[in-house]
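For reference, the structure discussed in these notes is given below.
The values are calculated or read from the model by the stated rules, or taken from the named source; none is laboratory data. Quick caveat, the model's predicted, so the values are computed rather than measured. Cβ coordinates were reconstructed from backbone atoms using ideal geometry, including for glycine residues, and neighbour counts include every protein chain displayed. Protein only, heavy atoms only, side chains kept; ligands, DNA and RNA dropped before computing areas. Shrake-Rupley method; radii C 1.70, N 1.55, O 1.52, S 1.80 Å.
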Amino acid sequence: MNKRFRYLMLALLCLAPMARAVAADRVKLAQGSQSSGKLTEISPTELVLEIGSNKKKYAVNTVEAVQFDKEPNDLAQARIAVHAGRFSDAVTLLGKIDTAKFERAEILKDIEFFKAIAAARLALAGSGSKADAGKKLFAFEKAGRNSFHYFETCETLGDLLFALNKYSDAETYYNKLAEAPWPDHKMRAAVLVGRSLVGQKEYDRANAKFDKALAIEDKGSEADRQRLAARLGKAAALAGGGKTDDSIKLVEEIISQADAENLELHARAYTVLGNCYKTAGKKKEALLAFLHVDLLYSRFGDLHAEALANLATLWTDLDKADRAAQARETLKEKYPASAWIGN
């Protein structure tokens, strides 16, 4: 389904309370349909909605959004903002809510989740402290282990820890994501754990995780994306093990095969390619790869920070002191809390 249409449908769902009080809880599925009733059971893997005398079960991985009876309008708007990637707007909206006016635990938990996830996404993009965002998300994970947001929380905690170069801790939370029962989640978890192991220079273990992801049988666009991500992870592991020629060849294949709209994969691929060339001593080629990230994929904050750090070093090595200084200044200005500063 077209992303713009999905956001419109989500907006229509969540804007309903502005016109009149919501008569029931609502579950909106990723495929576009929605149902209304009373949520009677919530877990990390399943929602149970009572519709009249019947009970309907929904696997959490099929659910795009949940709206609660009598929830505040600002929560509904913040949910839309988060789904659309407008995290600053979400923080502003959530800050307006007087939680003392609401008693229902599910509503209060959703407010806390969206506060934490919006702060985390902003921090990962370079705005705000990753450590502070991590504390908020960790508090939610600890108190909300029965939440249907649990697996997203664990994955995002892993992302924050990874961005802080705390690869072993990131691995711990990515392994929690692997406990999800769905093949696409297990694939993604294996890829993320593999990346964490590459960060720890445990290349053989990383390769085993990437192979595990590739061995999982699943269909659909997300599974295809994860297979490419796993192959890219194998390329990073190969480079770490000194097999840079094989790694470069594999990354170039992935770039040629990946959907042009899969921007994150391209950003990560050029980052891996830059590191491959750098390991191989090919500084000009490494520079061009990292420039791709700087010029085309700067929206991915931590990858952009890594590219800028490498560009500063490479420009220095190539006797371009002014360009090196510019890269360092951009890194400090855009990502003042980045672990790449000083690297």
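Can you give me the Kirkwood hydrodynamic radius for the range 45-187, using every pair of distinct Cα atoms, in Å to one decimal? Mind dumping the intermediate values first?
Numbers: mean 1/r = 0.0626 Å⁻¹.
Result for the range 45-187, one decimal place: 16.0 Å.
Rounded to the nearest 500 deg cm²/dmol, what is the calculated helix-only ellipticity per residue at 222 nm for the chain, with -39500 (n - 2.57) per DSSP H run of length n ≥ 4? Don't jump to the answer; show the numbers that get you there.
On the way: 15 runs with 222 residues, N = 343.
Mean residue ellipticity, 222 nm, calculated: -21000 deg cm²/dmol.
For S147, S129, give the ranking by accessible area with the largest first, probe 1.4 Å.
S129, S147
How large, in percent, is the carbon and sulfur part of the accessible surface of the chain at a probe radius of 1.4 Å?
Reported share for carbon and sulfur atoms: 50 percent.
Given +1 on the Cβ of Lys and Arg, -1 on the Cβ of Asp and Glu, and no further charges, what dipole in debye does the range 122-227 carry about its Cα centre, rounded to the nearest 20?
240
Along the charge dipole of the chain, Cβ charges K/R +1 and D/E -1, which of H149, Y277, A105 sits furthest on the positive end?
Selected residue: A105.
As an exercise, find the ratio Rg/Rh for the chain from alpha-carbon atoms, using the Kirkwood inverse-distance average for Rh.
Using only Cα positions, Rg/Rh for the chain is 1.00.
Give the accessible surface of the chain per residue, rounded to a whole number of Å², with probe radius 1.4 Å and ligands, DNA and RNA excluded.
Using a 1.4 Å probe on heavy atoms only, each residue of the chain averages 49 Å².
Do any of K166/K334; K219/K243; K282/K320; K38/K101 go past 25 Å between their Cα atoms, and which?
Result: K219/K243 exceed 25 Å.
Kirkwood hydrodynamic radius, the range 267-335, all distinct C-alpha pairs: what's the number in Å?
11.4
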